[in-house]
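The values are calculated or read from the model by the stated rules, or taken from the named source; none is laboratory data. Just so we're clear, the structure is a prediction, and the values are computed from it rather than from any experiment. Reconstructed Cβ throughout: ideal geometry from the backbone, glycine too, with neighbour counts over all protein chains shown.
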Amino acid sequence: MSRAVALVTGANRGLGYETAKQLLARGWSVLVAARDRDSGEAAARALGKGARFVALDVTERESVTALSKQLDAPLSALVNNAGSSFDGFDVSVARRTLEVNYRGPLRVTDTLADKLAPGANVVMVSSAMGELSRFSPELRRRFLDESLGRSELAGLVSEFVERVGRGELGGFPRNAYSVSKAALNAFTRIAARELEPRGVRVNAICPGWVRTRMGGNGAARSLEQGASGIVWAATLGEGGPSGGFFRDGRAIDW
């Protein structure tokens, strides 16, 4: 039998690398996707048999399209792990953060949708920072509206950037990373509806506060603990949940 294939973005280090490592241990093949070729190739070599580096910059449509053309086997899992947090808070930071953390996974998922095997899993690596308790009641209502579609979500994201520029947040948190993850969570629900006819599950995962370059050495959780929930979502079988937000395999509030 051929091995199941997973593509993990940002797999050259941190949670992405550990996710790839755990999937390989389960007998999967893993495409180690990273923007930096040197570190990506080094990661694939260190991971060993079953791992292969593929170049990917989630912020560049041409890069995502080029990767799609390279894929010669259907994906059983797509793990949208690549993400960034930038210092400061202004319009430039808001735009850059949303481009990586929200539009990047959207771009990758849309472009690779026809490469997903029937019954595949799409995992959005999110964060508790995206929980809607940080937003005003009105914005929570808008984000959670069951009729929320792509255009409405794009409007919410644009509204945040415009408000940052005006200096009046109007109920949005003063944190671009939080808004980017809330938008990613909302896209998770939209994509789950869109891909459901093909049996493809789409879920958002909060790995917790993990000791990564972003999380810092003082974080409470190890890489192994953080990646375990991602791997759980990547390996769900028929009848597994879709369109949810989970930590350690347990549903949590949006």
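Overview of results
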read-out: Among residues of region 161-212, those that are polar (S, T, N, Q) and more than 20 Å from Thr235 (Cα to Cα), counted; value: 4
read-out: Selection status of Ser63, hydroxyl-bearing (Ser, Thr, Tyr) and farther than 27 Å from Ala128 by Cβ; value: yes
read-out: Matching residues in region 181-202 - criterion: being assigned to a helix (DSSP H, G or I) and under 15 Å from Ala113 (Cα atoms); value: Phe187, Thr188, Ile190, Ala191, Ala192, Arg193, Glu194, Leu195, Glu196, Pro197, Arg198
read-out: Residue in region 207-254 that is nearest to Ala20 (Cα to Cα), counting only those that are part of a loop (DSSP other than H, G, I, E, B) and among the β-branched types (Val, Ile, Thr); value: Thr235
read-out: Residue match in region 44-62 (condition: modelled with pLDDT of 95 or more, on the phi > 0 side of the Ramachandran plot, touching a strand residue (DSSP E or B) at 6+ places or on another chain (Cβ under 8 Å) and buried (at least 16 other Cβ atoms within 10 Å of the Cβ)); value: yes
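Per-residue answers, yes or no, for (1) surrounded by fewer than 20 Cβ atoms within 10 Å (Cβ to Cβ); (2) of a type in the set (Val, Ile, Thr); (3) out of contact with any Phe, Trp or Tyr (no Cβ under 8 Å at 6 or more places or on another chain); (4) in contact (Cβ under 8 Å) with a residue 60 or more places away in the chain:
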| residue | (1), (2), (3), (4) |
| --- | --- |
| Gly149 | yes, no, yes, no |
| Gly165 | yes, no, yes, yes |
| Arg201 | no, no, yes, yes |
| Cys206 | no, no, no, yes |
| Glu224 | yes, no, yes, yes |
| Arg247 | yes, no, yes, yes |
| Asp253 | yes, no, no, yes |
